[in-house]
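The values are calculated or read from the model by the stated rules, or taken from the named source; none is laboratory data. Nothing here was measured: the structure is a model prediction, and the numbers come from that model. Because the Cβ atoms are built from the backbone with ideal geometry, glycine has one as well, and the counts that use them run over all protein chains shown.
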Amino acid sequence: MKPFNRLYLIILLLACEPEPLFIDISTPENDHIVVSSNLYNNEQLIVLLTNSYDALESQPKDSEELIKQLSLDSILATIETRGQLDTLKHLSEGFYWHPQITLNDFQSFKLQIRDTLRNRFVTSESQILPKVTFDMAYPTIEEKFDTIVSIHYKFEDLKGTNWYMINVQKAISNFNNYNFSKTKVHTELIKDNDQSGKSIEGSFKVLNIKFSRKDTIVVSISNITENYFKYLELRNNEANWLVEPTQEPFNYPTNVIGGIGFFNLYYTDNKYFILKDH
Amino acid sequence: MIGKIYDAENKQTIPFANIYRPLSKSGTTANLDGAYEIKTKKDSLNLIISAVGFQKLDTTLFLNEENTHINFYLHPQIEILNSIEIKASKEDSSIVNIVQSVTIKQSQIENMPSIGGEKDIITFTKLMPGISKGIEAGSDMFVRGGDADQNLVLLDHAVVYNPTHLLSFLSVFNPDVIDQVKLVKGGFHAKYGNRLASVLDVESIRADAEDYTIKGGIGLISSRLAYRQPLFKNKLHLQLAARRTYIDKVIKLINKDLPYYFYDLSGIAEFVPSDKNRIKFSYFLSTDVLKAYNDDIRKNYHSNFRFVNSIQSLNWTHIINSRFFSNLIFTRSLYKHKTWLQYKDSNINQNSSLNDINLGYHLTYQYNDRLKSDFGLSLKLYQFKPNQVNTSGRLAASIPDNNAKTLFTLENGLYYHIFYNLWSKITISPGLRISSVSVTNKTYIGFEPRLNLTYQVNERLNFSTSYTRMIQNMSRVSSTELSLPTDLWYPVSESIKPQVADQVTAGAQYKFPKIKGVFGMAVYLKNMNRLIDFKDGTDLTFNNNIEEIIVQGWGIAYGLELLLKMEAKKLSTWATYTLSRSERKFDEINHGENFPARYDRRHNFALAGTYKFHSRWAFSAVWEFQSGARFTPLTGQYVVLTPGIGGLETIPLYTSKNGVKLPDSHRMDLSLSFFTNPQKKFKGEWSINIYNVYNRAMPYTINVTKKPDGGLQYEQPGLFGLIPSISFNFQL
């Protein structure tokens, strides 16, 4: 077999890998206004306003630097509800803040962003849905190759068709020198099946976050809109390494008119747990 | 005078050959088994014997009482032309345009360039006009703007659900077993159904031969062997063939691991109890195995992927009388794949299969010289076992156990197709197929009219036009980004309705009077409804809620196809060109806006030639050009707050769906063949092949990569560069 082996070796050595082709793709300029929001302690509204950036633009890895580079700082951001118009305070790079907004179930809020420098205007609306609370929530820990945390929950389904999310993350003790991009959040999505008034009970494992026994975790539940639920469903799927190879590229839905991102408001019911106690 | 007519090369009988007596202007036709009978009182007889794909034999015989059993041997045209012979389908006489329907014999591509010496007839068929390719070396083909799962691939009348080896690199068809491939793209016969775009009808070689034959080949990728033996005074013919790759062992020589192998087995038994009956049984099995493992405690993993096609077909051809033929067909096709993955404490077992059993009865009645009809019916039972998944360990959280329901579908087809020579120059062939498909709680009934019209201006020029409606009752759940052997087939249901395509074609064909050449052209317009696609961002891999992720929409495709073939004594060339466009529209995708199909390649061009510069040497070349496929590249990104507290995440931004065209690609392949002495019983052929001579990348994706200066750029890698190979084929 030796002569055949040599022949194959020669042939394989002759085989070449082709040089890749380099191309220019003329795409529309990526300078969309990006909106995202969060409600802390069920009263403080935080809105992050940034620019999108081109795929070929080299960006800093540090989240603080990245936000600094993309942040929109000379704009007017207002929030309007039931005829009352408030201007959001500029907190730091890209972050705008309302210290206390009054929330009522099914109340709608309209966010308006005006960038006078570049003559851009975006608007978005969100509705706050009734608050859902845990009847029971607790973690269990499984020590195998890693520390795997499971969350067990029980809550009462609200009236009508609802979309819930349960978020799990490590609790943040200090926001000074805080690295936003390193914070991982596991989002579990639950759609009710017209079980109004009945209990919804279940459990799930949190695999995308590395925990240790020393950690304190926060588990929160929220009642969110259908559109935001679908947005998060897509995001969860994309993060699945098994799905990614066969998944076709798509643009995430947005509720921002004239821009991209998602503006939404939702109550949260937070539970804190020290893992070593479980 | 009696006898049989044989193929001089493989000693198989040639059915339905024509035997013409020019002096008396009379003639006869050989039967299915190649047997003929001529009644004559003359001592000498001038005969012209012809058959499609063979050289005419003009001979004068001197007869006496002891010399009345005479066999004739016709040489395939390849012997002279040493080239590709593309001919209009004989069976579907409605189709007279070679651009609509082409038949390619395996023997006619023997000298064409190939990778690793595998003369893959499907690879070659994809150079025909109207066909867009998927990624380089992939098996998928997109016919007249259709999708990859809209092509019906048949092997001896049985469906082949995954016709590929080597993860789509090669077709499963062993060249020693294949006789011919007929590709029909338009003007479909009413007997065909359940696919929208094309029929790729692969026919295995007939096992009958006067004597035993051994064929085989040794190549870079695999080796193969076929053995054919007549038994019981030529009443029974057997053929066995096998092929196995050793690419895993080859790669190991350069200290790399490719834990992959495939093999295929084929068996044919043909029983000819009488001149009027022939029973053919075919068995085919192909298996691909990908097995990888690492026992290192830190990286500990094992994986095993297995893909299996198992096909059986039984075909009884019976001549009821000189005008009435029947064909009873029973087939069974099974495609299954198993996946087992183990990583640390996690295990995934996945099983899927598709099984069909088909019974068909087809009849042909020749009323007179001007009127013929084909009619028949088929009953087919499908069993779909989609993803059955068992998981354990850490992965069980993200992939839960799933025992998907087995689905049964019953599909029936009833058809009638007439071929009527209205006047001497006009042939009309209307047909109708009535199909039904029954699934749980639902039955769909479809009417599929077909019409072909041909106007034969003179011996050289004809015009033809056709209208066909095709209905498809199943689809492959696969991404247009990457099709995998693990892709599922899924039937229609209460919520998923059958796909429908209406196609109109018009064409012309001209035969050059002085040189052996033919030019064909066709235009087509195809309107497709209820096409299948999948919601954005859905999981196609382990998903069992297929009905929830499927969306149905609309598509349109139109184009122009040209084919030119020229033959001289030593040189044979042909060229194909396609100008086409294919669009889609789904309410749930791309914000409901129209978008180009993934393989909407505007221009496709191929040029091939064979030059036989010596009786024992031949040189062949193929150059192909195709416009870039469509792609949805990453163009930007943005940063948003995550749900929860204090998190940020980056979201990608893409163009509109398939919004960018990849650069055009082109490639040249060469082949040099040397034939051993053709006079000897042992015939050998050495073949040196060079794939992608000028090492051009055939792009299949776009990546964002770093430039040497630190910036970023769009890069398009190609799969294969220049690949030289040597192979040896033989026949004894």
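Hey, B:E548 hits all of (1) of a type outside the set (S, T, N, Q); (2) outside any strand (DSSP E or B); (3) closer than 24 Å to B:T701 by Cβ; (4) within 14 Å of chain A (Cβ to nearest Cβ) but one; which does it fall short on?
(3)
Might you let me know whether the stretch B:153-171 holds any residue that is in contact with a His (Cβ under 9 Å, 6 or more places away or on another chain), closer than 29 Å to B:G267 by Cα and at pLDDT below 85?
Yes, the stretch B:153-171 contains a residue that is in contact with a His (Cβ under 9 Å, 6 or more places away or on another chain), closer than 29 Å to B:G267 by Cα and at pLDDT below 85.
So is B:Y335 modelled with pLDDT under 95 and either at negative phi or outside the structural domain of B:S429 (by TED's automatic domain parsing) (or both) or not?
Numbers: modelled with pLDDT under 95: yes; either at negative phi or outside the structural domain of B:S429 (by TED's automatic domain parsing) (or both): yes.
Against the criterion (modelled with pLDDT under 95 and either at negative phi or outside the structural domain of B:S429 (by TED's automatic domain parsing) (or both)), B:Y335 qualifies.
State all residues of the stretch B:199-215 that are out of contact with any Phe, Trp or Tyr (no Cβ under 9 Å at 6 or more places or on another chain) and at pLDDT 85 or above; if no residue qualifies, say none.
Selection gives B:L200, B:E203.
Give just the number: which of (1) under 19 Å from A:N251 (Cβ atoms); (2) not in a loop (DSSP other than H, G, I, E, B) does B:L670 not satisfy?
(1)
What single numbered condition from (1) buried (at least 21 other Cβ atoms within 10 Å of the Cβ); (2) closer than 30 Å to B:D149 by Cβ; (3) not aromatic (F, W, Y) fails to hold for B:L220?
Of (1) buried (at least 21 other Cβ atoms within 10 Å of the Cβ); (2) closer than 30 Å to B:D149 by Cβ; (3) not aromatic (F, W, Y), only one is false for B:L220: (2).
Would you be able to say whether some residue in the stretch B:591-601 is over 29 Å from B:P699 (Cβ atoms) and within 14 Å of chain A (Cβ to nearest Cβ)?
For the stretch B:591-601, residues over 29 Å from B:P699 (Cβ atoms) and within 14 Å of chain A (Cβ to nearest Cβ): present.
Does B:R228 fit the bill of being among the basic types (K, R), crowded, with 22+ Cβ neighbours inside 10 Å and either assigned to a helix (DSSP H, G or I) or touching a residue at least 24 places away in the same chain (Cβ under 8 Å) (or both)?
Numbers: among the basic types (K, R): yes; crowded, with 22+ Cβ neighbours inside 10 Å: yes; either assigned to a helix (DSSP H, G or I) or touching a residue at least 24 places away in the same chain (Cβ under 8 Å) (or both): no.
Spelling it out, it is not the case that B:R228 is among the basic types (K, R), crowded, with 22+ Cβ neighbours inside 10 Å and either assigned to a helix (DSSP H, G or I) or touching a residue at least 24 places away in the same chain (Cβ under 8 Å) (or both).
Here's the yes/no breakdown for (1) under 31 Å from the mean Cα position of the chain (by Cα); (2) free of Cβ contacts under 8 Å to residues at least 12 places away in the same chain:
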| residue | (1), (2) |
| --- | --- |
| B:S656 | no, no |
| B:S671 | yes, no |
| B:Q679 | no, yes |
| B:S687 | yes, no |
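Of all the residues that make up the stretch B:675-728, how many are in contact with a Cys (Cβ under 9 Å, 6 or more places away or on another chain) and among the aliphatic types (A, V, I, L, M)?
Residues in the stretch B:675-728 being in contact with a Cys (Cβ under 9 Å, 6 or more places away or on another chain) and among the aliphatic types (A, V, I, L, M): 2 in total.
Inspect the stretch A:74-90 for any residue being of a type outside the set (A, V, I, L, M), outside any strand (DSSP E or B), surrounded by 14 or more Cβ atoms within 10 Å (Cβ to Cβ) and out of contact with any Cys (no Cβ under 7 Å at 6 or more places or on another chain) and give the result as yes or no.
No: zero hits.
Just checking, which of B:S436, B:S429 is out of contact with any Phe, Trp or Tyr (no Cβ under 6 Å at 6 or more places or on another chain) and assigned to a strand (DSSP E or B)?
Numbers: B:S429 fails: out of contact with any Phe, Trp or Tyr (no Cβ under 6 Å at 6 or more places or on another chain).
One residue alone meets the criteria, B:S436.
Before we move on, is B:N695 within 13 Å of chain A (Cβ to nearest Cβ), over 23 Å from B:I109 (Cβ atoms), among the polar types (S, T, N, Q) and without any contact (Cβ under 8 Å) to a residue 24 or more places away in the chain?
Judged against the criteria, B:N695 is not a match.
Is it true that B:I80 is surrounded by fewer than 17 Cβ atoms within 10 Å (Cβ to Cβ), within 25 Å of B:F675 (Cβ to Cβ) and at pLDDT below 70?
Taking the combined requirement at face value, the residue satisfies it.
Is there a residue in the stretch B:320-337 that is in contact with a helix residue (DSSP H, G or I) (Cβ under 9 Å, 6 or more places away or on another chain), assigned to a strand (DSSP E or B) and not hydroxyl-bearing (S, T, Y)? Steps first, answer last, please.
Within the stretch B:320-337, the subset in contact with a helix residue (DSSP H, G or I) (Cβ under 9 Å, 6 or more places away or on another chain) is none.
Checked against the condition, which is being in contact with a helix residue (DSSP H, G or I) (Cβ under 9 Å, 6 or more places away or on another chain), assigned to a strand (DSSP E or B) and not hydroxyl-bearing (S, T, Y), the stretch B:320-337 yields no hits at all.
How about the stretch B:595-614: which of its residues are outside any strand (DSSP E or B) and crowded, with 21+ Cβ neighbours inside 10 Å?
Going residue by residue through the stretch B:595-614, those that are outside any strand (DSSP E or B) are B:597-602.
Residues satisfying the conditions are B:A597, B:R598, B:Y599, B:D600, B:R601.
Report yes if some residue within the stretch B:350-363 is within 14 Å of another protein chain (Cβ to nearest Cβ) and either over 23 Å from the mean Cα position of the chain (by Cα) or surrounded by 17 or more Cβ atoms within 10 Å (Cβ to Cβ) (or both); otherwise report no.
Within the stretch B:350-363 (the criterion being within 14 Å of another protein chain (Cβ to nearest Cβ) and either over 23 Å from the mean Cα position of the chain (by Cα) or surrounded by 17 or more Cβ atoms within 10 Å (Cβ to Cβ) (or both)), the answer is yes, since at least one residue qualifies.
Residues checked against (1) in contact with a Leu (Cβ under 9 Å, 6 or more places away or on another chain); (2) over 20 Å from B:D275 (Cβ atoms); (3) free of Cβ contacts under 8 Å to residues at least 60 places away in the same chain:
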residue	(1), (2), (3)
B:V308	yes, yes, yes
B:W316	yes, no, yes
B:S322	no, no, yes
B:F330	yes, yes, yes
B:L334	yes, yes, yes
B:T339	no, yes, no
B:S346	yes, yes, yes
B:N349	yes, yes, yes
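Identify the residue in the stretch A:65-98 that is charged (D, E, K, R) and more than 14 Å from chain B (Cβ to nearest Cβ) and, among all such residues, is nearest to A:N51 (Cα to Cα).
Going through the qualifying residues, I end up with A:D73.
Only one residue in B:G628, B:G644, B:G636 is part of a loop (DSSP other than H, G, I, E, B) and at the interface with chain A (Cβ under 7 Å from one of its Cβ atoms), so which one is that? Steps first, answer last, please.
Details: B:G628 fails: at the interface with chain A (Cβ under 7 Å from one of its Cβ atoms); B:G636 fails: part of a loop (DSSP other than H, G, I, E, B).
Matching residue, one of B:G628, B:G644, B:G636: B:G644.
With respect to B:P652, determine if the residue is within 9 Å of another protein chain (Cβ to nearest Cβ) and either small (G, A, S) or surrounded by fewer than 21 Cβ atoms within 10 Å (Cβ to Cβ) (or both).
yes
Can you work out which of the residues in the stretch B:567-591 that are at pLDDT 90 or above and not in a strand (DSSP E or B) is surrounded by the fewest Cβ atoms within 10 Å (Cβ to Cβ)?
By that ranking, first place goes to B:D587.
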